[in-house]
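Down below is the structure, laid out as C-alpha coordinates.
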(Lines give C-alpha, C1' and ligand atoms only; values in the text may rest on other atoms or scores of the structure.)
Protein backbone atom coordinates (compact mmCIF):
# COMPACT_ATOMS: atom_id res chain seq x y z
CA UNK A 1 0.00 0.00 0.00
CA UNK A 2 1.51 3.32 -1.01
CA UNK A 3 1.03 6.54 0.86
CA UNK A 4 -0.34 9.55 -0.92
CA UNK A 5 2.20 12.27 -0.63
CA UNK A 6 1.57 15.92 -1.09
CA UNK A 7 4.89 17.72 -1.11
CA UNK A 8 4.70 21.14 0.47
CA UNK A 9 7.32 23.66 1.26
CA UNK A 10 7.16 25.18 4.67
CA UNK A 11 8.31 28.69 5.37
CA UNK A 12 9.11 29.42 8.98
CA UNK A 13 7.86 32.75 10.29
CA UNK A 14 11.18 33.39 12.04
CA UNK A 15 14.71 32.08 12.09
CA UNK A 16 14.37 31.45 15.82
CA UNK A 17 11.46 29.04 15.28
CA UNK A 18 13.36 27.26 12.50
CA UNK A 19 16.36 26.79 14.81
CA UNK A 20 14.13 25.43 17.59
CA UNK A 21 12.50 22.95 15.20
CA UNK A 22 15.87 21.76 13.88
CA UNK A 23 17.17 21.32 17.45
CA UNK A 24 14.04 19.34 18.40
CA UNK A 25 14.43 17.12 15.33
CA UNK A 26 17.96 16.21 16.42
CA UNK A 27 17.08 15.78 20.12
CA UNK A 28 14.03 13.59 19.50
CA UNK A 29 15.58 11.40 16.83
CA UNK A 30 13.49 12.29 13.78
CA UNK A 31 15.09 11.68 10.43
CA UNK A 32 13.84 14.87 8.82
CA UNK A 33 12.09 18.10 9.69
CA UNK A 34 9.12 16.89 7.65
CA UNK A 35 8.75 13.79 9.85
CA UNK A 36 8.85 16.02 12.92
CA UNK A 37 6.21 18.36 11.49
CA UNK A 38 3.95 15.43 10.53
CA UNK A 39 4.24 14.01 14.08
CA UNK A 40 3.47 17.44 15.51
CA UNK A 41 0.39 17.75 13.29
CA UNK A 42 -0.84 14.27 14.31
CA UNK A 43 -0.29 15.10 17.96
CA UNK A 44 -2.20 18.36 17.64
CA UNK A 45 -5.11 16.61 15.89
CA UNK A 46 -5.23 13.98 18.65
CA UNK A 47 -5.16 16.68 21.28
CA UNK A 48 -8.08 18.37 19.56
CA UNK A 49 -10.07 15.12 19.71
CA UNK A 50 -9.22 14.78 23.39
CA UNK A 51 -10.33 18.36 24.00
CA UNK A 52 -13.70 17.66 22.38
CA UNK A 53 -14.08 14.52 24.49
CA UNK A 54 -13.14 16.49 27.60
CA UNK A 55 -15.74 19.14 26.76
CA UNK A 56 -18.36 16.40 26.48
CA UNK A 57 -17.27 14.92 29.80
CA UNK A 58 -17.46 18.33 31.48
CA UNK A 59 -20.95 18.87 30.08
CA UNK A 60 -22.10 15.50 31.45
CA UNK A 61 -20.59 16.27 34.87
CA UNK A 62 -22.33 19.65 34.97
CA UNK A 63 -25.65 18.03 34.05
CA UNK A 64 -25.18 15.38 36.75
CA UNK A 65 -24.39 18.00 39.39
CA UNK A 66 -27.46 19.99 38.36
CA UNK A 67 -29.62 16.85 38.73
CA UNK A 68 -28.13 16.14 42.16
CA UNK A 69 -28.78 19.74 43.24
CA UNK A 70 -32.44 19.44 42.15
CA UNK A 71 -32.82 16.16 44.05
CA UNK A 72 -31.26 17.64 47.21
CA UNK A 73 -33.61 20.62 46.96
CA UNK A 74 -36.57 18.24 46.58
CA UNK A 75 -35.43 16.29 49.67
CA UNK A 76 -35.08 19.53 51.62
CA UNK A 77 -38.61 20.51 50.61
CA UNK A 78 -39.90 17.06 51.60
CA UNK A 79 -38.25 17.20 55.03
CA UNK A 80 -39.55 20.73 55.58
CA UNK A 81 -43.06 19.56 54.69
CA UNK A 82 -42.82 16.57 57.04
CA UNK A 83 -41.68 18.77 59.92
CA UNK A 84 -44.54 21.18 59.29
CA UNK A 85 -47.05 18.31 59.19
CA UNK A 86 -45.68 16.79 62.40
CA UNK A 87 -45.85 20.21 64.08
CA UNK A 88 -49.47 20.66 63.00
CA UNK A 89 -50.46 17.19 64.21
CA UNK A 90 -48.71 17.75 67.54
CA UNK A 91 -50.49 21.08 68.04
CA UNK A 92 -53.80 19.39 67.22
CA UNK A 93 -53.20 16.56 69.70
CA UNK A 94 -52.05 18.94 72.44
CA UNK A 95 -55.10 21.11 71.87
CA UNK A 96 -57.44 18.11 72.19
CA UNK A 97 -55.90 16.68 75.39
CA UNK A 98 -57.59 17.93 78.54
CA UNK A 99 -55.43 19.23 81.37
CA UNK A 100 -55.60 17.25 84.62
CA UNK A 101 -57.47 18.83 87.54
CA UNK A 102 -55.51 21.14 89.84
CA UNK A 103 -55.38 18.66 92.74
CA UNK A 104 -53.59 15.93 90.68
CA UNK A 105 -51.36 18.27 88.66
CA UNK A 106 -48.28 18.08 90.99
CA UNK A 107 -48.41 14.27 91.04
CA UNK A 108 -48.71 14.14 87.21
CA UNK A 109 -45.72 16.45 86.86
CA UNK A 110 -43.67 14.31 89.25
CA UNK A 111 -44.52 11.15 87.29
CA UNK A 112 -43.55 12.90 84.04
CA UNK A 113 -40.22 14.08 85.45
CA UNK A 114 -39.49 10.61 86.81
CA UNK A 115 -40.13 9.01 83.43
CA UNK A 116 -37.85 11.57 81.76
CA UNK A 117 -35.10 10.86 84.27
CA UNK A 118 -35.28 7.16 83.36
CA UNK A 119 -35.18 7.80 79.61
CA UNK A 120 -31.59 7.72 78.24
CA UNK A 121 -32.62 10.01 75.38
CA UNK A 122 -33.15 12.79 77.93
CA UNK A 123 -29.96 12.20 79.91
CA UNK A 124 -31.27 9.54 82.30
CA UNK A 125 -29.48 6.31 83.10
CA UNK A 126 -32.43 4.17 82.06
CA UNK A 127 -32.23 1.88 85.11
CA UNK A 128 -33.92 1.58 88.52
CA UNK A 129 -31.13 3.64 90.06
CA UNK A 130 -32.18 6.72 88.11
CA UNK A 131 -34.69 7.71 90.82
CA UNK A 132 -32.11 7.16 93.55
CA UNK A 133 -29.46 9.18 91.68
CA UNK A 134 -31.98 11.96 91.02
CA UNK A 135 -33.12 12.12 94.66
CA UNK A 136 -29.60 12.28 96.00
CA UNK A 137 -29.34 8.79 97.51
CA UNK A 138 -26.23 6.80 96.74
CA UNK A 139 -26.53 3.62 94.63
CA UNK A 140 -25.70 0.33 96.33
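The values are calculated or read from the model by the stated rules, or taken from the named source; none is laboratory data. Predicted, not measured: the structure shown is a model, and the values here were computed from it. Positions of Cβ are generated from backbone atoms using ideal geometry, with glycine treated the same way; all protein chains shown enter the neighbour counts.
Taking the condition assigned to a helix (DSSP H, G or I) and under 29 Å from the mean Cα position of the chain (by Cα), does residue 42 pass? Break it down into steps so the answer makes sense when it comes.
Working: assigned to a helix (DSSP H, G or I): yes; under 29 Å from the mean Cα position of the chain (by Cα): no.
Criteria not met by residue 42.
Six or more apart or on different chains, Cβ under 6 Å: which pairs go from a residue in region 1-20 that's within 15 Å of residue 37 (Cβ to Cβ) to one that's surrounded by fewer than 10 Cβ atoms within 10 Å (Cβ to Cβ) and at pLDDT 80 or above? Could you list them?
As it stands, the answer is none, since no pair meets every condition given.
Going residue by residue through region 22-31, is there one that turns out to be touching a residue at least 12 places away in the same chain (Cβ under 8 Å), part of a helix (DSSP H, G or I), touching a helix residue (DSSP H, G or I) at 6+ places or on another chain (Cβ under 6 Å) and surrounded by 10 or more Cβ atoms within 10 Å (Cβ to Cβ)?
In the first step, residues of region 22-31 are kept if they are touching a residue at least 12 places away in the same chain (Cβ under 8 Å); the result is 24.
In the following step, the residues that additionally are part of a helix (DSSP H, G or I) were identified as 24.
Right, trim to touching a helix residue (DSSP H, G or I) at 6+ places or on another chain (Cβ under 6 Å) and you get none.
Looking for residues that are touching a residue at least 12 places away in the same chain (Cβ under 8 Å), part of a helix (DSSP H, G or I), touching a helix residue (DSSP H, G or I) at 6+ places or on another chain (Cβ under 6 Å) and surrounded by 10 or more Cβ atoms within 10 Å (Cβ to Cβ), one finds none in region 22-31, hence no.
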